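Take a look at the structure below.
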Amino acid sequence: MSSKSNSGAELWQKAKKIIPGGNQLLSKRAEMFLPDQWPAYYKKSKGCEVWDLDDNHYYDFSIMGIGTSSLGYANDEINDAVISSISNGSMSSLNCHEEVELAEKLIEIHPWAGAVRFTRTGGESCALAVRIARAYSKKDVVAFCGYHGWHDWYLATNITDAENLDEQLLPGLRPAGVPKQLQNTVVPFKEGDIDGFKAIIDAHGDNLGVVMMEVFRHGLPDVAFLQAVKDLAVEHNIVVIFDEISSGFRLNTGASHLLTSIEPDICVLGKALGNGHPIGAIIGRSEVMDAAQQSFISSSYWTERVGFTAALKTLEIFQRDDIPKRLNETGARLKSRIEEVVTQTGFNLKIIGIDSVPIFIFPGDHALALKTLFTQEMLRRGFLASNVIYLSIAHTDELCDKYIDAMREVFYFLQASLDSNVDIESLINGPVCHSGFQRLN
């Protein structure tokens, strides 16, 4: 494997010179995986298989399009629906009827809601949800828990304290370019910290109009915490937004909060909703969503047909085949087998996350170096691998067997290196991977 050509790594070096940041998504930077060696670009993807620019073949046991493709890359049914919509025109001076069909379908799935707006990406979906919530509440301050994108409203919290976002998901996010006048308009609290949310209410009083939170990220939803936030929000006339862009299709079709009795005022969906095709949805109570008509919210490509078509077919497959159940059953089996490998090899790996999204915590002071070396050695064995696996229905038992066999070899190697006190970084053919946001050059 080490003798394979790697045109993608070469192209990535060129990209960094002419595209600031190298690409359009931090999570797909080569430096987040294996600097100087990651293939970086693909020619073809199907199921959970990827072919790079040199036609090298890999099984994707990593981010799977950063959680967008639960039904596998280039799913045949979705492809057929999308190709048909393109053949009939993906854009027109008139609106596509699929937009109304998708709105009706999402309201059917979310019976607490009465209206829907659509976008194409997660970050803008969160920004739109906050705009609507502020318009409805007529209050400026937003409390938040979790990761909610790149827009000014969110990054503004780091004007107040440069470390406010460090424990939400990504450290090192500077609010460069964000107007300083937004200072103190958005305030963080931690998952499970209801006293922290109460403190924000006490500090900001009548100016606090919105609370946005992820339903979960690294574990199952904390229902008591969600309910406590909702109860306080009702008491203080605060609009509740559930950001389910990442969690929406992992435990349940449509949104994880539907497994509880807790109803938000707005729910934001994305990622898996289009199975690789761009679509975002902001679902809400009719009276709250109607505030969108008080504010100018409009974009040409929010009316493009493909996203709506893909989402309708995705929802059909999810409901017909009970995809969340399949994903979590596959994940439970895989996690159990990984734990067996950990026991066999003696490699001290901790596994967290829900069953369909196993997350690895590498041990000790050399965690990042071990993660990088793991990625390097798995790549040599034909796997795109990192510290997280977004499982899809394309991850069959047969492919999971191949992954486990490769992982066992690599873990024996990693543990032997630790036992021999070898400098882990000396085994990496390049720099150690990044763990957060930073300049590339």
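A few remarks follow.
- Modelled this way, with points 7 Å down the Cα-to-C-beta line, the labels at D419 and S27 are 3.6 nm from one another.
- Between F347, T314, C433, the Cα set farthest toward the positive side of the dipole of the chain (charges on each charged residue's Cβ, about the Cα centre) is that of C433.
- The fraction of Cα-Cα pairs per 10 angstrom bin, counted from 0 for region 1-113, comes to 11, 30, 28, 21, 9, 1 percent, rounded to whole percents.
- For q = 0.20 Å⁻¹, Debye-computed log10 I/I(0) when each Cα of region 325-441 counts as one equal scatterer: -1.14
- At 0.692 mPa s and 37 °C, Stokes diffusion of region 198-332 via Kirkwood alpha-carbon radius, µm² per second: 199 µm²/s
- If the convex hull is drawn through the Cα atoms of the chain, its volume per residue in Å³: 152 Å³
- Computed packing ranks the peptides 198-205, 120-127, 257-264, 306-313 as 306-313, 120-127, 257-264, 198-205, most packed first, by mean other Cβ atoms within 10 Å.
- Between N184, Q24, I283, the Cα set farthest toward the positive side of the dipole of the chain (charges on each charged residue's Cβ, about the Cα centre) is that of Q24.
- Rounded FRET efficiency, nearest 0.05, which uses the C-beta distance separating I83 from Y42 and R0 of 22 Å: 0.65
- Principal-axis analysis of the Cα atoms of the chain puts helix 323-345 at an angle of about 40° to the longest axis.
- Between V234 and D161, the C-beta separation translates, for a Förster distance of 22 Å, into a calculated FRET efficiency of about 0.15.
- H57 versus S299: modelled label distance in nm, points set 7 Å from Cα along the beta carbon direction: 3.8 nm
- Ordering S84, S62, H97 by the projection of their Cα atoms onto the charge dipole of region 51-151, which places +1 on the Cβ of Lys and Arg and -1 on the Cβ of Asp and Glu, puts H97 at the extreme positive end.
- Pairs of C-alpha atoms in region 286-368 farther apart than 21 Å represent 61 percent of all such pairs.
- Region 401-432 and region 146-187 have Cα centres lying 37 Å from one another.
- Kirkwood Rh (inverse of mean 1/r, distinct Cα pairs), region 84-148, angstrom: 14.5 Å
- When shorter helices are ignored and each DSSP H run of at least 4 residues is given -39500 (n - 2.57), the per-residue value for the chain at 222 nm works out to -12000 deg cm²/dmol.
- For L11 and K350, a Förster radius of 25 Å and the Cβ-Cβ distance give a FRET efficiency of 0.10, rounded to the nearest 0.05.
- Candidate cross-link partners of K16 among the aspartates and glutamates, defined by an alpha-carbon separation under 13 Å and a same-chain spacing of 8 or more, comprise E31, D36.
- Between the Cα long axis of helix 305-321 and the first principal axis of the chain there is an angle of about 70°, rounded to the nearest 10.
- Split the accessible area of region 250-397 by element, probe 1.4 Å, and carbon with sulfur accounts for 47%.
- Euclidean distance of C-alpha centroids, region 77-135 and region 237-315, integer Å: 8 Å
- Cα long-axis angle, helix 194-204 against the chain (0 to 90 degrees, to the nearest 10): 50 degrees
- Contour minus Cα-Cα distance for A367 and K325 (0.36 nm per residue): 11.9 nm
- Å² of accessible area per residue within the chain, as computed with a 1.4 Å probe and no ligands counted: 44 Å²
- Relative packing of 323-334, 85-96, which averages over residues the other C-beta atoms within 10 Å, highest first: 323-334, 85-96
The values are calculated or read from the model by the stated rules, or taken from the named source; none is laboratory data. Quantities reported herein were computed from a predicted structural model and do not represent experimental measurements. Note that we place each Cβ from the backbone using ideal geometry, even for glycine, and neighbour counts take in every protein chain shown. Surface areas here come from the heavy atoms of the whole protein model, side chains and all, with no ligands, DNA or RNA. Shrake-Rupley method; radii C 1.70, N 1.55, O 1.52, S 1.80 Å.
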